[in-house]
Every structure is written in C-alpha cells, then in structure tokens.
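Only one structure is covered here, and it is reproduced in the block below.
Coordinate-derived values only; no laboratory data. All figures in this text were calculated on a predicted structure; none of them were measured in a lab. Using ideal geometry, Cβ is built from the backbone for each residue, glycine included, and neighbour counts are taken over all protein chains shown.
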Amino acid sequence: MQSFNWHSYYRLDDIYDWLEDLSDRYPDEVRLRTIGKSYENRTIMAVKLTLKGSIRRGKIIVEGGCHGNEWISPAFVTYMLHTLLNFKKYENDELETIALMYTWIFVPVMNPDGYEYAHTTDRLWRKNRRGGYGVDLNRNYGIGFGAHCPDISNTESREHCGDSPFSEPESEAMALYTKDNSDNLEYYLSFHSYGQHIILPYSVSVEHKDNYNVVKMKAEKVASRILEKHSLQYTVGNNYDIEGYLASGTSSDWVKKALQVPYVATFQLPDTGVHGYALPPDRILPVCQATMDGLLLFFDPDIDKFLRSGDKNTQEHHPK
C-alpha cells in the first residue's frame, strides 16, 4: 500500500493486489467482489465502499477501464477510491459530505484483457480480446445496438460492436452487476480518455431528452471549477453536440434508459490530443486531483432526486 501511488501506471495484478490490501486493512468499509470473468478468464473486480458514519442516501457506480488503451481511466478510478476512503486527511468539508452521503461502487478495470494487452503487446489496443480481433465493449450494450456501428460485420473496426447486445462477458457482467445494484442508484459515471469532454446521454440521439438540462447544469459546474482552478477546459453536451456523430450501445445510454438512473455521465479525461492515449506518468496525479476537485460539485447533496422516467421510443435490451 505504501508503494502504490499515482506517479506510474500499474498493471492489472498490481491494481488488484492493492485492492486486496485495502480490503484487508479496512474490512468493514471496503468489500471486494468478483462480478464476472473476461473472455480470457481474468477476474472483473468490483469494490463497494461504505464509510463509517455514512448516511447512505443512495449509491454511486464508477466504471473505469472499458477501453484497454485508456490507462488514465483506471488510474483515476483508483485515485477516487483512495481519496474517498481517506477523506479525513484532506480536511475538506465538501469531500467529507460527499464521502459520507453515498455507498460507492467502483469497477476500476472493466476490460482486463484489453488493459493487459495494451501493456504487453499493443499500446493502442481498445477492445476486448474476442477471437483476437476484439469487440468494443462501449458499443456492446443493449440500446440502439448496431444502429451507428460503421460496418457491423467488420471485425477489424476499432468500434466493432459484436454480434448481438451483451455478447461479451465483460459488458454482460457489468450490466448485470449494475442492474443488481440499481435500487436507489443515483449516479453512474464512466471514465474514458481522451478529449476533455463530459458526455451526457443519449449518444444514440441528436435530441436532448429526460433531465438532460438538469444534468448539464451540474456538469457545467464541474467544468467551470476545473477550468478556473486547474486550467483544463472541458466541453459539455451529448455525443452529437461534441463529436458530431451518434454512437450506439454505450454503457451510459443503457444505464440511463434501461435502469432510469437520474445522473449519468461519461468523462473523457485529458488531454486534448498532444499525448492522446499516451498521457505521460507525470500528468497522472495532476489530472486525478483536478478531476476529483471538479467532481465534488457534481454530487450535490442538496438537490432533490430526479423522478425516474425514460423515453419509451428507444429500443433497449437487458443482459441475460
């Protein structure tokens, strides 16, 4: 635990060893669970954090490591877990309030095969390892499946969505685990890179639906703080607003639509393309600190809960 810091990128076994050490040291607050196995039979691990003194108003799920080449994602998710667990040492009233308000659930590396392959063989590998060609797990969820996948039969595409919704063990495990924890689930955050964007559902639609404007106001507060205090500029919008195209089968869209979770967002962490996926190790800690600082404004403990509703015109599928 003393050697694990945010000055380097860690391999999967190192991350899991650190989580095991946390669980051993804080057995009443840190609970580990295997939620499934990857295509190559690696463990997909979830961490539930319930701090002593927590009032547990609701749950927050934090997803990381969906794409193998986005190493800053697991780094931030582990940093977020560390910060919440050690909130007392920061002497930050905002952080303390947020830490004690919720039950926190983290999946630091949703795509363990892709993450390891990016370390050992191909630094820019994005997908899982299905058949050696891989499936983009963030196109494999059961909402608008395949509608916006370029040439769905092209397995070489970096966004190949697979043969059917939840065809991949990783996306199926994550969806089932999220569904099992959907009671009183208030927030679902997915961390990716790169671009410095906060992308709101729905990526499958041009229109702004449900409580989009409410979530956008919260996300803009996050972006404003990060810009003011850390000089990093984020854009906020749905995928079409930001990227100019639609994307189907994303985890955030499915969670928002199928489970009607009030506050859902995908964070594309720094940078904007100078280093791209290969963000240097000396940028890890500053990025983590800036992101955590901004996120404190996203979890508003005073806001009324959004009444769950969904657009019934969008087709959705559930995992088996």
All lysines inside 28 Å of Lys209 as judged from Cα atoms, apart from same-chain residues fewer than 8 positions distant: Lys59, Lys179, Lys218, Lys221, Lys256, Lys257, Lys305, Lys312, Lys320
Treat the range 1-138 as a sphere of radius equal to its Kirkwood radius over Cα pairs and apply Stokes-Einstein at 4 °C in a medium of 1.567 mPa s; give the translational diffusion coefficient in µm²/s, rounded to a whole number. 83
Which of Glu63, Glu220 comes first, and how do the rest follow, when ranked by fewest Cβ neighbours within 10 Å? Glu220, Glu63
Give the calculated FRET efficiency between Gln260 and Asp282 to the nearest 0.05, with a Förster radius of 56 Å applied to their Cβ-Cβ distance. 0.85
Given backbone amide H placed at 1.01 Å from N, residues whose amide H is under 5 Å from that of Gly58, ignoring those fewer than 5 places away on the same chain, are Thr103
Lysines near Lys88 by alpha-carbon distance under 17 Å, same-chain residues fewer than 8 away left out - which ones? Lys52
Roughly what would the spin-label model give for Glu207 and Arg158, points 7 Å off Cα along C-beta, in nm? 3.2
In debye to the nearest 20, how big a dipole does the range 80-179 give about its Cα centre with +1 on each Lys and Arg Cβ and -1 on each Asp and Glu Cβ? 100
Going by a ≥ b ≥ c, the root eigenvalues of the Cα gyration tensor, does the chain fall in the rounded group (a/c under 1.5), the prolate group (a/b larger than b/c) or the oblate group? rounded
Cysteines in the chain lacking a second Cys C-beta under 4.7 Å: Cys66, Cys288
Principal axis lengths of the range 40-89 from Cα atoms, whole Å, largest first? 39, 23, 16
Obtain the nm distance between the two label points defined at Ile55 and Tyr133 by a simple spin-label model: each point lies 7 Å from its Cα along the Cα-to-C-beta direction. 5.3
Contour excess over end-to-end distance, with Cα ends at Tyr90 and Lys37 and 0.36 nm allotted per residue: 15.5 nm
Which whole-number percent of Cα pairs in the range 178-313 have a distance greater than 20 Å? 45
